[in-house]
Amino acid sequence: MKGLKMIVQFYINSSLHVGLSCYALVRITQILLQISQQNAVGYFVFWGTIVGYNFVKYEELARAKKLQMRNQLRWIALFSFFSFIMTGYYFFLLELLTQIIAVVFLGLTLLYTLPFFPNRNNARNWAGVKIYIVSFCWVGATVFLPVLNASVTLTANIGILSVQRFILIFVLILIFEIIDLRHDNPNLRTVPQQIGVKRTKILGYVLLVVFCGLELLNINGNINGNINGNGNIQFLILPLIFAIAIALASANEERSKYYTSFWVESIPVVWWICLFLAH
C-alpha cells in the first residue's frame, strides 16, 4: 500500500497527470476540428507541459529557498530532465511556424516564473495576472499549436473554440484558487481573494453558460456536428459542463490537494475518451 501511495504521489508531483490533461486537450482539438492527429504536436505538448509545470513548481524551491531535495524531488528532477530531452526531440519534428509559436509560449512561461527585472516580482506574483497567463498558455498549447502544425486556415469557428478553451481552463483554475485560498499569499489577489468564494462560483457558472452558448454557434459551424454526420456529439458537452459545475460547487478550502491535482484535472481526460469513443 505504501508503494502504491508513493507511485501516485510521484505521478501527481511530477506533473505527469497535468501533462496528460494537456495532451488530452490537444487530441480533443484534433477531433473537434477533424484535423490529422499528428503525434509530434501531442507528444511535444505532453512532455513540454511536464517540463514547464515542474520548472514553475520547483524552480523557486531549488533557486531561492535552497532547501535540500528529498529523494522524490531528486527523481522528479531526473524525470524532468528526461522530459526536457523528449520535448526537444519532438520540437524539431514540428513545422517551423509551430516552433516559433511554441517559443513564444515558452517565453510567457519564463516570464511567469523568473524575475527578469531588478527588484521586480515574476509574473506569477503580479496581482490578478496568473489566471489569465495560464489560461492563455493552455489555449496556445492545446488549440493553436495543433491547428498551426496541421496548416489549418484560421476561421471564426477556431476563434470560438479558442474562447471556449480559455473559459474551460479559467473555470478549472477558479476551482484551484478556491481550494488554495488559505495558503495563497494575499498579495496575489486571486479571484476568490478579490470577490469571495460565493461570487467566484457564480462567475464560474456564468462562464459555463457562456461556454454552452458558444457551443450553439458551432452547430452550424461544422466544428462538432460532423463527427458522426449529425449533431449528437454536441450532447457530450453537457456531461462535461455538468462535471465542471459539480466540481466548482463542491470546491472549498477543506478539500484535499488531490481534489484538484487529480480529480479536477481528470475532466479533460475523460472528455477526450468520450469523444474518442464517439468518433
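The values are calculated or read from the model by the stated rules, or taken from the named source; none is laboratory data. Just so it is clear, the model here is predicted, and its values are computed rather than measured. All Cβ positions, glycine included, derive from the backbone under ideal geometry; neighbour counts span all protein chains shown. What goes into the accessible areas is simple: the full protein's heavy atoms, side chains included, and nothing from ligands, DNA or RNA. Shrake-Rupley method; radii C 1.70, N 1.55, O 1.52, S 1.80 Å.
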Residues of region 56-95 that turn out to be open to solvent by 90 Å² or more (accessible area, probe 1.4 Å), at pLDDT below 65 and outside any helix (DSSP H, G or I), as a count: 4
Among (1) in contact with a Gly (Cβ under 6 Å, 6 or more places away or on another chain); (2) under 25 Å from residue 216 (Cα atoms), where does residue 162 come up short? (1)
Selection status of residue 165, at pLDDT 85 or above and among the basic types (Lys, Arg): yes
Test result for residue 126, over 19 Å from the mean Cα position of the chain (by Cα) and modelled with pLDDT of 75 or more: no
When residues of region 256-279 are filtered for being open to solvent by 60 Å² or more (accessible area, probe 1.4 Å) and more than 15 Å from residue 172 (Cα to Cα), how many remain? 5
Can you tell me how many residues within region 147-167 are over 18 Å from residue 94 (Cα atoms), among the hydroxyl-bearing types (Ser, Thr, Tyr) and either open to solvent by 40 Å² or more (accessible area, probe 1.4 Å) or touching an Asp or Glu at 6+ places or on another chain (Cβ under 7 Å) (or both)? 1
I'd like to verify a number: residues in region 34-45 that are open to solvent by 30 Å² or more (accessible area, probe 1.4 Å) and either touching a helix residue (DSSP H, G or I) at 6+ places or on another chain (Cβ under 8 Å) or farther than 20 Å from residue 276 by Cβ (or both), how many? 4
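Taking into account only those residues within region 177-226 that are among the polar types (S, T, N, Q) and part of a loop (DSSP other than H, G, I, E, B), which is modelled with the highest pLDDT?
First, the residues of region 177-226 that are among the polar types (S, T, N, Q): 185, 187, 190, 193-194, 200, 218, 220, 222, 224, 226.
Filter once more, keeping what is part of a loop (DSSP other than H, G, I, E, B): 185, 190, 218, 220, 222, 224, 226.
Numbers: 185: 72, 190: 85, 218: 65, 220: 50, 222: 48, 224: 49, 226: 45.
Per the stated criteria, the residue is 190.
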